[in-house]
Amino acid sequence: MSPKELKDQKLTDIFKALMGLLKGQSFEEISITELAKRAGVSRAYYYKNFVTLEDIVSQYEMLRIISYLRQLPDGSRLTLQTLMTHYFQLVLDDQRDQLILISAGKEQVLIKTFHTVLVYLLKNKLIPLTDRTTDSYWGDYFSGAVINLSISWLKQGAVEPPEYMGKKVETFAN
């Protein structure tokens, strides 16, 4: 395993251990010792790579979204519907973990991560730039809207397919 693969695996392990602990405890009740033991990593690993438990969530979500970006179809300009369809597929794939984070009140971590990726997509012109998308508040608005929509969708059982949700976001955005 390459150093990058090992690093990603450890991040995944500690994230999954955190999700397991969150099923029965709040963030505040989780000890670093218990988390490290469950993840099979050292406490030193935790303290070297994270300041808070939320950092684990942020870094893992970023890893997942980078994976999402790599799965996007090639093309100089992707449509919002395509981007959102793939995003909702990612949410569906991670449904269990997403619902645990939502029940733990960590929606802001999801919004922040989504916003970071959105800014990247805009800066690299992978999302069409308009007067709306260049407004300094648009990214905050859009990130909150998409995450809130994904939360509602998950809580309702994710009945509609990701394609439907991608189209829905495009309709709302236009």
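If a residue has to be among the aromatic types (F, W, Y) and either in a loop (DSSP other than H, G, I, E, B) or crowded, with 18+ Cβ neighbours inside 10 Å (or both) to count, how many in region 26-67 make the cut?
Summing the residues that are among the aromatic types (F, W, Y) and either in a loop (DSSP other than H, G, I, E, B) or crowded, with 18+ Cβ neighbours inside 10 Å (or both) in region 26-67 gives 3.
Of V109, V169, which residue is out of contact with any Cys (no Cβ under 8 Å at 6 or more places or on another chain), in contact (Cβ under 8 Å) with a residue 60 or more places away in the chain and not polar (S, T, N, Q)?
V169
Please tell me if L121 is in contact (Cβ under 8 Å) with a residue 24 or more places away in the chain and assigned to a helix (DSSP H, G or I).
yes
Which members of region 88-110 meet the condition of being among the acidic types (D, E), part of a helix (DSSP H, G or I) and surrounded by 15 or more Cβ atoms within 10 Å (Cβ to Cβ)?
Result: D97, E107.
Restricting to region 124-154, count the residues that are among the acidic types (D, E) and part of a helix (DSSP H, G or I). Lay out the reasoning, then the answer.
Keep residues of region 124-154 that are among the acidic types (D, E), which gives 131, 135, 140.
Going one step further and asking which of them are part of a helix (DSSP H, G or I), we end up with 140.
Of the residues in that region, 1 qualify.
Considering only region 54-98, state which residues are of a type in the set (F, W, Y) and closer than 22 Å to L22 by Cα. Walk me through it before giving the result.
We begin by selecting, within region 54-98, every residue of a type in the set (F, W, Y); these are 60, 68, 87-88.
Of everything in region 54-98, just one residue is of a type in the set (F, W, Y) and closer than 22 Å to L22 by Cα, namely Y60.
So which of E28, E34 is modelled with pLDDT under 95 and of a type in the set (D, E, K, R)?
Result of the check over E28, E34: E28.
Here are some residues: G157, G166, G139, G144. Which one is at pLDDT 95 or above, closer than 13 Å to H115 by Cβ and out of contact with any Lys or Arg (no Cβ under 6 Å at 6 or more places or on another chain)?
G144
Take region 14-25 and flag every residue that is farther than 14 Å from D55 by Cα and surrounded by fewer than 16 Cβ atoms within 10 Å (Cβ to Cβ).
G20, K23, G24, Q25
Can you find a residue that is under 17 Å from Q59 (Cβ atoms) and either among the charged types (D, E, K, R) or surrounded by 16 or more Cβ atoms within 10 Å (Cβ to Cβ) (or both) anywhere in region 132-149?
In the first step, residues of region 132-149 are kept if they are under 17 Å from Q59 (Cβ atoms); the result is none.
No, there is no match, as no residue in region 132-149 is under 17 Å from Q59 (Cβ atoms) and either among the charged types (D, E, K, R) or surrounded by 16 or more Cβ atoms within 10 Å (Cβ to Cβ) (or both).
If you check every pair at least six apart or on different chains, which have Cβ atoms under 8 Å apart with a residue in region 20-32 that is hydroxyl-bearing (S, T, Y) first and a residue that is in a loop (DSSP other than H, G, I, E, B) and surrounded by 12 or more Cβ atoms within 10 Å (Cβ to Cβ) second?
Listed pairs, sorted by first residue: S26/A104.
Being in contact (Cβ under 8 Å) with a residue 40 or more places away in the chain and either over 14 Å from the mean Cα position of the chain (by Cα) or in a helix (DSSP H, G or I) (or both): is that true of V159 here?
No, not satisfied.
Filter region 53-99 down to the residues that are under 12 Å from the mean Cα position of the chain (by Cα) and among the polar types (S, T, N, Q), then identify the one that is farthest from E34 (Cα to Cα).
Applying the filter and picking the extreme gives Q89.
The values are calculated or read from the model by the stated rules, or taken from the named source; none is laboratory data. Computed from a predicted structure; not experimentally measured. Every residue, glycine among them, receives a Cβ derived from its backbone with ideal geometry; neighbour counts consider all protein chains shown.
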